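Input: a single structure, listed below in structure tokens.
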Amino acid sequence: MADQHRDSVPEPGLRVLIFSASLRAESLNARLAGLAARVAEQHGATVDRASMRDFDVPSYDADGEARGEVPAGARELQRRLEANDAFVIASPEYNASMPGLLKNAIDWVSRFSPQPFHERHGLLMSASPSMAGGNRGLWALRMPLEHLGARVYPDMFSLAMAHKAFADDRLANPALQQRFEQSVQGFLDLAEAAKHYPCIKRAWVEFLGEHPDTPVDRVEAK
Ligand SMILES: Cc1cc2nc3c(=O)[nH]c(=O)nc-3n(C[C@H](O)[C@H](O)[C@H](O)COP(=O)(O)O)c2cc1C
């Protein structure tokens, strides 16, 4: 028997926010974000390309926040996260961690409730002229995102010697390009599955033995 419900309700495609955490005009990470957007569109996703300039915020200031001075860049990141099902961040590695401007933007956005990173699927990638490709920075970036309840894809893509790795609209090394496409597509497939077959996880208890309680809960149940 035909599934009439499925026939009558078209399922919306996946919407993905993609941005680089570099402000540099010739940013290698912006270039990698561009490749990710291309692969995502080819895979059928609707891409929302953003720049870190869209999310520009002053240093987090709790007193300013208490006065209601929430910067427009933080509200914009909140809005764009909520408008999309998933996000991709291509982030430079600064001193073995993430750039301060990205952490600062995450800190501002962490103050919103409901929390826009909560249950949103994220893919992390990096590009660096170094041999490690900025991968250590992504491990640092995972931490606040997972802390806020984002579902950070286990596979992270780090492009080593990135200043020599690009060829027009792809990576010069075909094997690496294939691996990149597989990472992006695998992530999109998981986010797509989660969108249409939601997981049942509602909340977590952060530390063993910590009882759910409003002052300590980092992630609220819907
Ligand atoms: C403050 C600062 C710290 C950096 N620290 C690292 C680092 O720890 N590891 C690394 O691989 N590259 C490091 N770099 C080099 C960046 O990876 C390189 O500048 C890269 O091109 C920046 O990304 P972008 O091209 O997207 O702007 C650092 C650069 C800056 C400006």
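The values are calculated or read from the model by the stated rules, or taken from the named source; none is laboratory data. Note that the coordinates shown come from a computational prediction; the quantities given were computed from them, not determined experimentally. For neighbour counting, all protein chains shown are included, and Cβ atoms are generated from backbone atoms with ideal geometry for every residue, glycine included. Only protein heavy atoms, including side chains, enter the accessible area calculation; ligands, DNA and RNA are left aside. Shrake-Rupley method; radii C 1.70, N 1.55, O 1.52, S 1.80 Å.
Share of segment 82-207's accessible area from carbon and sulfur, percent, 1.4 Å? Write out the running numbers ahead of the final one.
On the way: 3280 of 5880 Å².
The C+S portion of the solvent-accessible surface of segment 82-207 is 56 percent.
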Share antiparallel - DSSP beta bridges, segment 1-146, percent rounded to 5 = 5
Ranked from highest to lowest mean number of other Cβ atoms within 10 Å per residue, what is the order of the peptides 176-183, 114-121, 82-89, 66-73?
-> 82-89, 114-121, 176-183, 66-73
Would you calculate the separation in nanometres between label points at R111 and D169, each defined as 7 Å from the Cα along the Cα-to-beta-carbon direction?
-> 4.2
Which ³J(HN,Hα) values in Hz, rounded to whole numbers, follow from the phi angles of segment 13-23 under the Karplus curve 6.51 cos²θ - 1.76 cosθ + 1.60, where θ = phi - 60° and Gly and Pro get x?
-> x, 6, 10, 10, 8, 10, 8, 9, 9, 10, 9
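First check a/c for segment 23-104, with a ≥ b ≥ c the square roots of the eigenvalues of its C-alpha gyration tensor; if it is under 1.5, answer rounded, and if not, answer prolate when a/b is larger than b/c or oblate otherwise. Don't jump to the answer; show the numbers that get you there.
Numbers: a/c = 2.75, a/b = 1.49, b/c = 1.85.
Oblate shape, in that a/c is at least 1.5 and b/c is the bigger or equal ratio.
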Determine ³J(HN,Hα), in whole Hz, for all residues of segment 142-149 in sequence, where each value follows from phi through the Karplus function 6.51 cos²θ - 1.76 cosθ + 1.60 and θ = phi - 60°; x replaces Gly and Pro.
-> 4, 4, x, 5, 5, 4, 8, x
Over segment 131-194, give the accessible area per residue in Å² for a 1.4 Å probe, as an integer.
-> 49
